[in-house]
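One structure is given here, and the rest of the page talks about it.
Throughout, read-outs are computed from the coordinates displayed, never taken from laboratory work. Values in this document were obtained by computation on a predicted structure and should not be read as measured data. Cβ atoms come from the backbone with ideal geometry, glycine included; neighbour counts cover every protein chain shown.
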Amino acid sequence: MTDRRVRSRSTPSCSRSTPSRRRPPRARRAVALLVAPAAMAAAAPAAAQEEAPPRIPPLESVEEGINITRTLANHPALAEAWLGFARYVLGDNTLPPRDRELLILRIGYLRGSEYEWGQHTRIARSVGVTDEEILRVIDGPDAAGWSTFDSALLRAVDELHHDSEVSDATWAELSGRYDTRQLMDLVFTVGQYNLVSIALRTFRVPLDEGVEGFPR
């Protein structure tokens with residue numbers, strides 16, 4: 001739970017033209033906690049790899065983290081408010097990690113977020129998703145090779161993306177394995193990374209060094 005004492009502190013703006021090398025308390029906390037576990041932490045901060053320059057440049061004064069955390073450090077209050085939910089979805093929800101990453105990869109692909117795709121291919125590999133499966137995510141739920149359940153996972157993403165709800169047929173398939181909490185976590189996982197993908201693309205967050213976007 002967020003320490004309310006932090007909210008009462010006076011925090012200098014991170015958007016000033018000459019930011020201090022010492023970050024405000026909120027920005028330090030957000031950067032420390034928004035970095036994803038192991039797989040994401042390995043990525044070094046980077047130069048832009050997108051054609052268009054970032055609309056909100058990552059803060060160079062933030063020494064730790066990756067470009068998404070450095071970008072969010074421009075708005076510490078927002079980063080802190082969003083933080084608890086983000087950490088729950090990525091690290092504490094009830095979905096098997098492999099299932100979670102298939103969902104994230106699919107919504108990142110549908111939203112055209114190269115940053116999301118690049119970071120989560122690394123995480124997906126770390127939880128057992130094969131390179132062949134990662135590429136197959138691009139082809140969607142009807143691609144040959146998926147199990148019936150994996151196909152239902154990807155179809156749920158497509159339905160949420162296109163229709164803003166999961167169909168009865170897909171829900172019934174998922175309910176054969178998932179309990180109520182997992183069904184809820186599925187929807188919120190897709191929603192969370194839909195939001196993140198929109199933010200990444202709108203802010204034009206550059207890829208981190210050594211992280212590749214979509215297959216060419």
Considering segment 160-216, residues that are farther than 20 Å from ASP99 by Cα and among the basic types (Lys, Arg), and then whichever is nearest to the chain's Cα centre (by Cα), we arrive at ARG201
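Has segment 192-200 got any residue that is within 30 Å of ASN67 (Cα to Cα) and aromatic (Phe, Trp, Tyr)?
Within segment 192-200, one or more residues are within 30 Å of ASN67 (Cα to Cα) and aromatic (Phe, Trp, Tyr).
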For segment 152-190 the number of residues that are part of a helix (DSSP H, G or I) and on the phi > 0 side of the Ramachandran plot is 0
Considering residues that are in contact with a helix residue (DSSP H, G or I) (Cβ under 6 Å, 6 or more places away or on another chain) and among the acidic types (Asp, Glu), the number found within segment 100-121 is 2
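Suppose the filter is free of Cβ contacts under 8 Å to residues at least 12 places away in the same chain and either crowded, with 17+ Cβ neighbours inside 10 Å or out of contact with any strand residue (DSSP E or B) (no Cβ under 7 Å at 6 or more places or on another chain) (or both); does SER197 pass it?
Values: free of Cβ contacts under 8 Å to residues at least 12 places away in the same chain: no; either crowded, with 17+ Cβ neighbours inside 10 Å or out of contact with any strand residue (DSSP E or B) (no Cβ under 7 Å at 6 or more places or on another chain) (or both): yes.
No; evaluated as a whole, the condition is false for this residue.
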